[in-house]
Amino acid sequence: HLVTPRQGQTKAIRIITISDIHFGKKMKIEKVKRAFQLTESLKPNYICLLGDNLDTTNVVDEPTKKDEFLDILQYSGEIAPTMISLADHDQRYAEDGHIKIDYREDLWKQVNDIKNVHVLHNEGYEDEDVRFYGYTLPSYYYHGKYDLPITSDCNKSRVDEDVSVLLEDMEWNEEIFISY
């Protein structure tokens, strides 16, 4: 997330960041609830979930787990405006040691429809106090040898998480960064 105060702003803002929840099939919902109860006690103005919110996308294939995940996000939105960034675990399906890209557009749209919860998938949020921008790295940043676009200048034999992919993608998406 990129956060910038509004021009002329002088009041203090409390932002709580939570990263790498890895909400998964074996996770006890009580553990996650306790983290958000602590967050609520700190009285934040904003909450930022910084990625790897899910362990893998197939966790939401189980209706009970999906409902638990959505309930936690709804609770977060009741505490304070909640900004969600996506990372690789939020966009991948893993089973039997195999990983594939699995961006669940319908899931993240459903999350974005929760009151006071904002999925910042290469977009921003702005109010009278602050601007947030969420940048989602492309899937090929993590798994480049499998799905680099044909137009990419990056070497297909590179290792995962190559900075050249990051820089190339940021260049391709420059208009998003300068719009906020």
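The values are calculated or read from the model by the stated rules, or taken from the named source; none is laboratory data. Because the structure is predicted, anything quoted here is derived from the model rather than measured. Counting neighbours? That spans all protein chains shown, and the Cβs are built from the backbone with ideal geometry, glycine included. Heads up: the accessible areas ignore ligands, DNA and RNA and are worked out on the full protein's heavy atoms, side chains in. Shrake-Rupley method; radii C 1.70, N 1.55, O 1.52, S 1.80 Å.
The set of residues in segment 1-30 that are of a type in the set (D, E, K, R), modelled with pLDDT under 90 and surrounded by 11 or more Cβ atoms within 10 Å (Cβ to Cβ) comprises 6, 25.
The residues on offer are 53, 112, 122, and the sole one that is at pLDDT 90 or above and open to solvent by 10 Å² or more (accessible area, probe 1.4 Å) is 112.
Each residue in segment 8-54 was checked for being of a type in the set (S, T, N, Q) and assigned to a loop (DSSP other than H, G, I, E, B), and 5 pass.
For residue 96, are the conditions met, namely being open to solvent by 20 Å² or more (accessible area, probe 1.4 Å), more than 11 Å from the chain's Cα centre (by Cα) and touching a residue at least 40 places away in the same chain (Cβ under 8 Å)? It is false that residue 96 is open to solvent by 20 Å² or more (accessible area, probe 1.4 Å), more than 11 Å from the chain's Cα centre (by Cα) and touching a residue at least 40 places away in the same chain (Cβ under 8 Å). Quick one: in segment 31-50, of everything that is under 18 Å from residue 118 (Cβ atoms) and open to solvent by less than 60 Å² (accessible area, probe 1.4 Å), which residue is nearest to the chain's Cα centre (by Cα)? Selected residue: 49.
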